[in-house]
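Let me begin by presenting the structure, written as structure tokens, before commenting on it.
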Amino acid sequence: MSQDKAKSVSTTGHVWDENLQELTNPLPMWWVWTFYLTIIFSIIYWIMYPAWPIGTSYTKGVGNTITYTNKKVDGSEEQKTTHWNMRSKLMSEMNAHNAEQKQWFDKVAATPYEEVSKNAELMNFVNSAGKTLFSDNCAPCHQAGGVGKIGFSPNLVDDVWIYGGTYEKIQETITGGRNGMMPAFKGVLPDDKLKQVANYVLSLSGEPHDAEAAKAGDAIFHNEGGCAVCHGAEGKGNPDLGSANLTDKNWLWANVPGQSTAEGKLDEVVKLVSGGMSRGKMPVWGGRLKPEQIKVLTLYVHDSLGGGK
Amino acid sequence: MRYPHILKIDGGTESMTHDTPDHSPLYQKHIPIHTRSVKGPFRNFKTLVLIVAFAVFFILPWLPWERHSAAGQAVMFDLVTRRFFIFDLVTYPQDIFWLSMLLFIAAAFLFFVTGLIGRAWCGYFCFQTLWSDVFIMIEHWIQGERPARLRLRKQPWNAERILKIGSSHFLMILVSFWTGFTFAAYFTYAPQLFHDFFTGHAADVAYFTVILLTATTYMCGGIAREQICIYMCPYARFQSVMYEKDTLAVSYDARRGEGAAGRVAPKEGLRTREDRVAKGHGDCIDCGFCVQVCPTGIDIRKGMQYQCISCGLCIDACNNIMDSVGYPRGLIRYDSEANLHSDTPTKPHLKWKNLKVIGYGASLVIMMAWLVWAVAHRTAVEVRVQQVRQPLYVVLSDGKVRNRYQIHIVNKTEHEEVFTVKVEDVPESALDLGNLPEIRVRAGKDLNITAKIDLEHELAEHTHEVRFVVTPHSKPEEAVVREVNFHGQQEAH
Ligand code: SF4
Ligand code: SF4
């Protein structure tokens, strides 16, 4: 082939040094036309989409408007129509996704809690939407997966519910927030009595303690200290007040499980009783999340995380 | 950048044509190929393949099928719900291994066949060949046989030329359009698409697909034709690599055709075979039919060439000529390089007893067996149980240890199914499914549910695994068992 070609090969006619010539190896026609087509394509593109800068502005393209609903800072919604751009494209796609998701939120909103929890399809939605809502809003305090952190935020995976674990109570907690506190007893009780009360508190959940001191602490707990007013005569706590159940193995503010020695554990409790606690703050989500989002979160926390009691 | 274009020729330049710069061609001239039609077994086989392939391709999307969870179409690749329906087989994204195995098989099959009989794919089955063939038939039908078509091209653009060329291209575009439309119909419910498409309500992507496929089909089959095979197609190149000395390929028997004194047209004194043999001329009467029928426009008598798509039409053409002059058939035939050049040529036959062919054959058998096995053993229900790892376990107020699990159930059947979930190895009561009495999954849908297992402290210490049993109510015997880990405090450190 190539030999046949060389015999009748055409050149551009340029000749250097007498016999040095430039061949013309022409491009295939389709290739050349593809090149022209790309030029035509780019011209059409300039006309249709934002392309050329002009001073501080630019050409906007024709016939490519996008309309989307925008939520302003004050919460009001507005319709916006602009020329094509990535942001408005994203916004209109988000609008479409939200509309799609809305059917499910509406279904959950219109169904009583018990009924939702019996419906596998709705629970499937709660599992995925709830997970996203939880990760976006709750996880900063309650940690990924809702495991909580001793001394900071309650564990939502176990069966302990300081403010009650029914759907209604959880919804109330999320909507209105909580303000948990315990008064400081330093100065109210002398140091030795603080130790005795602490020993009694440890004895309630079977932690290592000094039995004699605990006996004295029992009296202080129920009388002089006034602990029973909030924590109840049996130390079981009161969900209406958010006072902790002291008889279970669960600790939130005093890091008893984190201490290996009896002294350490005692120390933790003494510290809490004498210093009190004012960090039990759960923010109000009522205005920040929509009611149906709170409902999905409630279901998620109740059924997917804790299995509330 | 200039240098590659520069050719230095010693010993004179008289062999070169000098175009003045303004006459130098800008692009490669395309010499249109107008093939002569031909009759014969290869042509018949090609036509048969063409009819079967077109019938399958064009009719399949319109075949109705009883289906509950989706539109009633026998073959539908539903990208929206991510399910491929192929008659009673419904495949899900997780079945992608079947597709990859199918592609492996297709590749190995191509290698296997090409090693034995050359580019059979190109000649008889390739889309490019089939559609080009149909478009050539259209030209033949409207414009007539090769001489008529050549004559038409020499005419000025008069009414006849405009009408004939115009109508053939119009028909080609029509076929291309229907090709594109049919392709799109595989991805959605065809009757619906038909309605929406022509009332302007179909999705943008449908219009885009149809227009793109119309354009490419018309360009590749109607205009570019053999250029696709020669310049563009990667298969053309790597199939050539699969050839062996023993591969049967469309070949011209030069020894017989040329003789000692070369081929010659029959003229006075060279008409009978005896005369020709006596004068040392071969059997090729230089009629040029083999060149005229060739869809890639080559002359097979120059030996094996990369442009040859192995369509066999030159065999038919040559055999017809041999019949008419009364010489034996097979001057052009399927034969191997080795046999053609051997001193003791035999009848051409498949040589398959070598490692390559047997190796490909064996791997084909293994892969096909796997695929058939996998498809036959597919389950109607898919269950995955995954332990929630955040946290791995939690201790409840009464000292029990809780692990949580995500259970993912896919219902691949055509009807709604109800599932019960139970546990083995630990007490029944340890399982907590919240308020879910049963799990109802619609046809073709999937669900994620949360399950919890609470074990007494002592039991938790000894339990490392639990088994979930997910039972479909309509087919209790197809219960799925999944073993998962259980973590307790012993692993806390
Ligand atoms: S060369 Fe490529 S396009 Fe041409 S027939 Fe073969 S596979 Fe098809
Ligand atoms: S040389 Fe023969 S087999 Fe090859 S493409 Fe041409 S007609 Fe077909």
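The values are calculated or read from the model by the stated rules, or taken from the named source; none is laboratory data. In this text the structure is predicted, and so the values were computed from the model without any measurement. Backbone-built Cβ (ideal geometry, glycine too); neighbour counts: all protein chains shown. These area figures cover heavy atoms from the full protein model, side chains too; ligands, DNA and RNA do not enter into them. Shrake-Rupley method; radii C 1.70, N 1.55, O 1.52, S 1.80 Å.
Looking across region A:252-272, the residues that are within 14 Å of chain B (Cβ to nearest Cβ), open to solvent by 20 Å² or more (accessible area, probe 1.4 Å) and farther than 22 Å from residue A:179 by Cβ come down to A:257, A:258, A:260. Scan region B:364-373 and give yes if some residue there is open to solvent by less than 90 Å² (accessible area, probe 1.4 Å), closer than 29 Å to residue B:481 by Cβ and modelled with pLDDT of 95 or more, otherwise no. Yes, the conditions are met somewhere in region B:364-373.
Go through region B:382-401 and give me each residue that's within 14 Å of residue B:484 (Cα to Cα) and within 11 Å of another protein chain (Cβ to nearest Cβ). B:388, B:389, B:392, B:393, listed by residue number.
Checking each residue in region B:418-466 for being more than 20 Å from residue B:483 (Cα to Cα) and touching an Asp or Glu at 6+ places or on another chain (Cβ under 7 Å) picks out B:418, B:434, B:435, B:440, B:441, B:442, B:443.
Here residue A:201 clears all of (1) open to solvent by less than 50 Å² (accessible area, probe 1.4 Å); (2) touching a Gly at 6+ places or on another chain (Cβ under 6 Å) except the condition numbered (2).
Look through B:300, B:321 and report the one residue that is within 11 Å of ligand 2 (Cβ to nearest atom) and touching a residue at least 24 places away in the same chain (Cβ under 8 Å). Criteria check complete, one pass: B:300.
Output the residues belonging to region B:81-123 that are free of Cβ contacts under 8 Å to residues at least 24 places away in the same chain and of a type in the set (A, V, I, L, M, F, W, C). Those that are free of Cβ contacts under 8 Å to residues at least 24 places away in the same chain and of a type in the set (A, V, I, L, M, F, W, C): B:84, B:85, B:86, B:87, B:96, B:99, B:103, B:106, B:107, B:113. Scanning region A:273-283 for residues that are assigned to a helix (DSSP H, G or I) and surrounded by 15 or more Cβ atoms within 10 Å (Cβ to Cβ) turns up at least one hit.
The number of residues in region B:123-165 that are of a type in the set (D, E, K, R), part of a helix (DSSP H, G or I) and surrounded by fewer than 18 Cβ atoms within 10 Å (Cβ to Cβ) comes to 6. Only a single criterion out of (1) closer than 30 Å to residue B:88 by Cβ; (2) within 14 Å of chain A (Cβ to nearest Cβ); (3) open to solvent by 20 Å² or more (accessible area, probe 1.4 Å); (4) not in a strand (DSSP E or B) is not satisfied by residue B:448, namely (4).
Could you please let me know if residue B:174 is open to solvent by 60 Å² or more (accessible area, probe 1.4 Å), away from ligand 1 (no atom under 16 Å from the Cβ), more than 32 Å from the chain's Cα centre (by Cα) and modelled with pLDDT of 95 or more?
So residue B:174 fails the test.
For region B:233-263, taking the residues that are away from ligand 2 (no atom under 16 Å from the Cβ) and assigned to a helix (DSSP H, G or I), the one that is farthest from the other protein chains (Cβ to nearest Cβ) is identified as B:256. Within region B:266-295, the residues that satisfy the criterion of being in a loop (DSSP other than H, G, I, E, B) and touching a Gly at 6+ places or on another chain (Cβ under 7 Å) are B:280, B:282, B:283, B:284.
Does residue B:196 qualify as being more than 26 Å from the chain's Cα centre (by Cα) and open to solvent by less than 40 Å² (accessible area, probe 1.4 Å)? Taking the combined requirement at face value, the residue satisfies it.
Residue B:405 meets the conditions (1) more than 7 Å from chain A (Cβ to nearest Cβ); (2) crowded, with 16+ Cβ neighbours inside 10 Å; (3) touching an Asp or Glu at 6+ places or on another chain (Cβ under 9 Å) in every case but one. The failed one is (3). If you filter region B:268-295 down to residues that are within 18 Å of residue B:39 (Cα to Cα) and surrounded by fewer than 21 Cβ atoms within 10 Å (Cβ to Cβ), you find that the one that is farthest from ligand 2 (Cβ to nearest atom) is B:287. For region A:144-160, a residue qualifies if it is of a type outside the set (D, E, K, R) and either open to solvent by less than 40 Å² (accessible area, probe 1.4 Å) or at the interface with chain B (Cβ under 8 Å from one of its Cβ atoms) (or both), and the qualifying residues are A:144, A:145, A:146, A:147, A:148, A:151, A:153, A:155, A:156, A:157, A:160.
If you check residue B:298 against the conditions, is it assigned to a loop (DSSP other than H, G, I, E, B) and crowded, with 19+ Cβ neighbours inside 10 Å? If you could, list the steps in order and put the result at the bottom.
On the way: assigned to a loop (DSSP other than H, G, I, E, B): yes; crowded, with 19+ Cβ neighbours inside 10 Å: yes.
For residue B:298, the condition - assigned to a loop (DSSP other than H, G, I, E, B) and crowded, with 19+ Cβ neighbours inside 10 Å - is met.
Determine if region B:324-343 includes at least one residue that is near ligand 2 (Cβ under 9 Å from one of its atoms) and either closer than 18 Å to residue B:124 by Cα or outside the structural domain of residue B:125 (by TED's automatic domain parsing) (or both). Yes, region B:324-343 has at least one match. Of the residues that make up region B:430-438, is at least one open to solvent by less than 20 Å² (accessible area, probe 1.4 Å), more than 10 Å from chain A (Cβ to nearest Cβ) and not in a strand (DSSP E or B)? Looking through region B:430-438, at least one residue is open to solvent by less than 20 Å² (accessible area, probe 1.4 Å), more than 10 Å from chain A (Cβ to nearest Cβ) and not in a strand (DSSP E or B). Among the residues of this structure, residue A:116 counts as one that is closer than 17 Å to residue A:301 by Cα and under 24 Å from the mean Cα position of the chain (by Cα).
Among the conditions (1) within 18 Å of residue A:253 (Cβ to Cβ); (2) open to solvent by less than 60 Å² (accessible area, probe 1.4 Å), residue A:183 misses just one, which is (2). Annotation: residue B:311 fulfils all but one of (1) assigned to a loop (DSSP other than H, G, I, E, B); (2) touching a residue at least 24 places away in the same chain (Cβ under 8 Å); (3) away from ligand 1 (no atom under 16 Å from the Cβ); the unmet one is (3). Here the strands (runs of 3 or more DSSP E) wholly within region A:19-111 that include at least 1 residues being within 34 Å of the chain's Cα centre (by Cα) and farther than 30 Å from residue A:130 by Cβ are A:66-71, A:77-82. Out of all the residues in region B:203-216, is one or more under 25 Å from the mean Cα position of the chain (by Cα), away from chain A (no Cβ under 14 Å) and within 16 Å of ligand 2 (Cβ to nearest atom)? Looking for residues that are under 25 Å from the mean Cα position of the chain (by Cα), away from chain A (no Cβ under 14 Å) and within 16 Å of ligand 2 (Cβ to nearest atom), one finds none in region B:203-216, hence no. Per the listing B:352, B:373, the residue uniquely assigned to a loop (DSSP other than H, G, I, E, B) and more than 14 Å from chain A (Cβ to nearest Cβ) is B:352. Reported count of residues in region A:170-205, each being assigned to a loop (DSSP other than H, G, I, E, B) and either hydrophobic (A, V, I, L, M, F, W, C) or free of Cβ contacts under 8 Å to residues at least 12 places away in the same chain (or both), is 5. Check region B:304-318 and report whether any residue there is out of contact with any Leu (no Cβ under 8 Å at 6 or more places or on another chain), open to solvent by less than 40 Å² (accessible area, probe 1.4 Å) and more than 9 Å from ligand 2 (Cβ to nearest atom). The answer is no; no qualifying residue exists.
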